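To start, the structure under review is shown below, and the notes come after it.
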Amino acid sequence: MRSAAPERRAVLAGHLDYRAAHLVQIRPSRPSDGAALVEVAYATGFFGCSAEIYFPARALFGALWVGPYLGPAGACGLLAECEGRVLGYVLGSPNPQTYRGYFQKNLPGWLLAAALGRYPGLMGSLRFLWRSLCYPSRRAPLDLYPAHLHINLLPEARGKGLGERLLRAHLDCLRARGVPGVQLSTTLENSAALRLYQKLGFREYARWESPLWAPWLGRPTVHLTLVLSLKPKDFVKNTLI
Ligand SMILES: CC(C)(COP(=O)(O)OP(=O)(O)OC[C@H]1O[C@@H](n2cnc3c(N)ncnc32)[C@H](O)[C@@H]1OP(=O)(O)O)[C@@H](O)C(=O)NCCC(=O)NCCS
């Protein structure tokens with residue numbers, strides 16, 4: 001039998017090769033994974049590259065884009081881990097009210113922390129926050145598609161089947177909870193993600209061109225809202241697409 005030691009060393013060194021993919025464990029995310037999840041989210045938050053370019057306030061980034069999913073608003077969060085290193089995740093919320101509640105509850109604390117200068121990089125992040133208010137995503141009906149999700153993998157973990165494993169397991173978990181549907185936002189720039197979503201049966205709900213990312217990407221992007229019905233009657237239909 002082949003020793004796993006060289007593969008483990010490769011993973012720890014950040015070189016996850018194809019042979020090592022079987023060493024990766026998919027498991028539910030926990031609040032104590034917060035720091036590791038923020039690490040991945042921040043390293044991949046700009047079309048798979050570091051979010052630093054448009055959002056230097058790392059701590060606030062974590063509070064806004066990982067924090068909601070670690071508490072009661074989150075469900076079915078999963079991560080891919082190898083030898084204690086988090087390689088990627090799928091995080092989501094099936095409950096729009098609880099998700100909104102997280103922001104309402106935490107807003108005063110964030111404003112206070114900002115006023116006290118506790119978010120290094122905040123000034124450089126305001127432009128993105130302002131632009132996301134000016135160019136919001138288009139939401140699909142929340143009664144049909146109440147859940148939303150985010151999926152991200154570190155560059156060395158991509159293209160090895162982990163994204164598909166994570167996403168399938170997340171959708172199965174939502175189905176088991178009786179969630180009727182899920183929606184997500186993406187762009188035509190995220191070509192690998194788009195193929196994955198299409199493979200799992202997501203369909204386009206809305207498509208529009210937006211200048212949201214133009215200051216950092218150098219061009220406007222075509223944004224998409226994708227939806228997937230999780231109702232049992234649609235399951236076979238979706239998997240046949
Ligand atoms: C998108 C992402 C989660 C996909 O995960 P992954 O582990 O790389 O994908 P998998 O290896 O599981 O591949 C699953 C399917 O995705 C699609 N896919 C994956 N990589 C692809 C690539 N480089 N080009 C085109 N399609 C690709 C394929 O349809 C593939 O199925 P197939 O191999 O049967 O054709 C991952 O690449 C990633 O984190 N990218 C950067 C962050 C990102 O874009 N997140 C989504 C934001 S909306």
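The values are calculated or read from the model by the stated rules, or taken from the named source; none is laboratory data. The model shown is predicted, which means the values in this text are computed figures rather than measured ones. Here Cβ is always computed from backbone atoms with ideal geometry, including for glycine, and neighbour counts include all displayed protein chains.
Against the numbered list (1) within 19 Å of the chain's Cα centre (by Cα); (2) in contact (Cβ under 8 Å) with a residue 12 or more places away in the chain; (3) away from the ligand (no atom under 16 Å from the Cβ), Leu129 comes up short only at (2). Is it the case, given these coordinates, that Ala43 is surrounded by fewer than 19 Cβ atoms within 10 Å (Cβ to Cβ) and within 16 Å of the ligand (Cβ to nearest atom)? In short, yes. When segment 134-170 is filtered for residues that are more than 15 Å from the ligand (Cβ to nearest atom), in contact with a helix residue (DSSP H, G or I) (Cβ under 7 Å, 6 or more places away or on another chain) and in a helix (DSSP H, G or I), nothing remains.
Residues that are of a type in the set (Ser, Thr, Tyr), under 16 Å from the mean Cα position of the chain (by Cα) and not in a helix (DSSP H, G or I) within segment 187-205 comprise just one, Thr187. For segment 172-186, the criterion of being near the ligand (Cβ under 7 Å from one of its atoms), of a type in the set (D, E, K, R), over 11 Å from Leu226 (Cβ atoms) and at pLDDT 95 or above is satisfied by no residue at all. Residue by residue through segment 187-206, note down the ones that are more than 14 Å from the ligand (Cβ to nearest atom) and either crowded, with 17+ Cβ neighbours inside 10 Å or under 28 Å from Leu129 (Cβ atoms) (or both). Selection gives Tyr205, Ala206. Among the residues here, Arg219 does not qualify as within 14 Å of the ligand (Cβ to nearest atom), out of contact with any helix residue (DSSP H, G or I) (no Cβ under 8 Å at 6 or more places or on another chain) and not in a strand (DSSP E or B).
A Cβ distance below 6 Å, combined with a sequence gap of six or more or placement on separate chains, defines the contacts here; from segment 198-215, residues that are of a type in the set (Gly, Ala, Ser) reach residues that are at pLDDT below 95 and not in a loop (DSSP other than H, G, I, E, B) in the pairs Gly201/Asn238. Annotation note: Cβ proximity below 6 Å between a residue of segment 165-190 that is free of Cβ contacts under 8 Å to residues at least 60 places away in the same chain and among the hydroxyl-bearing types (Ser, Thr, Tyr) and a residue that is within 15 Å of the ligand (Cβ to nearest atom) and assigned to a strand (DSSP E or B) (sequence gap 6+ or interchain) occurs for Ser185/Thr225; Thr186/Leu224. Counting the residues of segment 46-66 that are within 12 Å of the ligand (Cβ to nearest atom), in contact (Cβ under 8 Å) with a residue 24 or more places away in the chain, in contact with a helix residue (DSSP H, G or I) (Cβ under 6 Å, 6 or more places away or on another chain) and part of a loop (DSSP other than H, G, I, E, B) gives 0.
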